[in-house]
Every structure is written in structure tokens, then in C-alpha cells.
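Quick note: the coordinates plus some simple rules give every number you see, no bench work behind them. Please read all numbers here as calculations on a predicted model, not as lab measurements. Don't worry about glycine lacking a Cβ; one is built from the backbone with ideal geometry, like all the others, and counts go over all protein chains shown.
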Amino acid sequence: STWGYSRTFRMGHGEFGPSKFDLFKRYVSVIPKVGKGLGLLIFILNIIFPGIGSIIAGLLGGSSDRGCLIAGILQLLTAFLIVGWVWSIIWGYKIWKKANSFMPI
């Protein structure tokens with residue numbers, strides 16, 4: 001048998017099919033599109049002050065970027081565990097990259 005996308009896998013009690021792997025699409029859709037200068041500022045802020053840049057990006061985006069605001073708050077709250085800081089840097093990079101591209105990442 002082949003391991004195609006149309007195949008559903010059974011493991012334990014749950015099923016894992018293609019619709020279960022849409023998490024990455026949701027993750028990318030939460031990253032807001034900002035201007036180039038603001039994208040760089042958010043990236044720098046997220047490196048120095050974890051989550052602050054993400055919170056600012058979420059606030060500037062209005063209700064449509066609520067996911068970014070929540071992510072920024074979680075980054076700030078988990079920064080002392082290093083996980084939040086690393087997440088904040090990656091998130092800031094993704095915002096900066098999206099600001100400098102014509103296509104969504």
C-alpha cells in the first residue's frame with residue numbers, strides 16, 4: 001500500500017487523516033501582514049522583549065489578528081521557560097518574512 005494523502009491512519013482510539021493536518025495552515029494564517037518597517041521592528045522587539053512585538057502586531061491588526069495577540073501573550077508568559085522566547089523569535093521572523101514577501105508564507 002502507498003502512503004498517500006487520501007489514506008486515513010488508525011492509531012489507538014483516534015483517526016489521523018488529511019483534515020487533521022491543517023494545523024500548519026491555521027498557524028500561518030494567524031501571522032499578520034504588516035508593513036516592511038513594522039515587520040522589522042516587531043522582529044527586533046520579539047528578540048529583545050519576548051511576545052511584545054507579537055502583541056503589538058495583534059493589536060494593530062484589530063479583531064482579525066486576535067490569534068496573534070493571544071500568541072504574543074502566551075509567548076510573554078512562557079518566556080521564562082525559554083520556550084516562549086524561542087517561539088517569540090520564530091514568530092517575529094515569520095512576521096518579518098511575511099512583511100517582505102508578496103505571497104503568504
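Subtract the Cα-Cα distance of Y93 and I48 from 0.36 nm times their separation in residues, and report this length gain in nm to one decimal. Write down the numbers at each step before the final one.
Working: separation 45, 0.36 × 45 = 16.20 nm, distance 1.28 nm.
Between Y93 and I48, full extension yields an extra 14.9 nm.
Through the Karplus equation 6.51 cos²θ - 1.76 cosθ + 1.60, θ set to phi - 60°, convert the phi angles of the range 92-101 into ³J(HN,Hα) values in whole Hz; use x for Gly and Pro.
For the range 92-101, the Karplus-derived couplings read x, 4, 5, 5, 4, 5, 5, 5, 9, 10 Hz, x marking Gly and Pro.
Quick one: net charge around P32, please, counting Lys, Arg +1 and Asp, Glu -1 for every other residue with C-beta under 9 Å from its C-beta.
+1
Express in nm, to one decimal, how much length is gained between I70 and N100 on full extension, taking 0.36 nm for each residue of separation and deducting their alpha carbon distance. Display every interim value, and only then the final one.
On the way: separation 30, 0.36 × 30 = 10.80 nm, distance 2.33 nm.
Residue separation times 0.36 nm, minus the Cα-Cα distance, leaves 8.5 nm.
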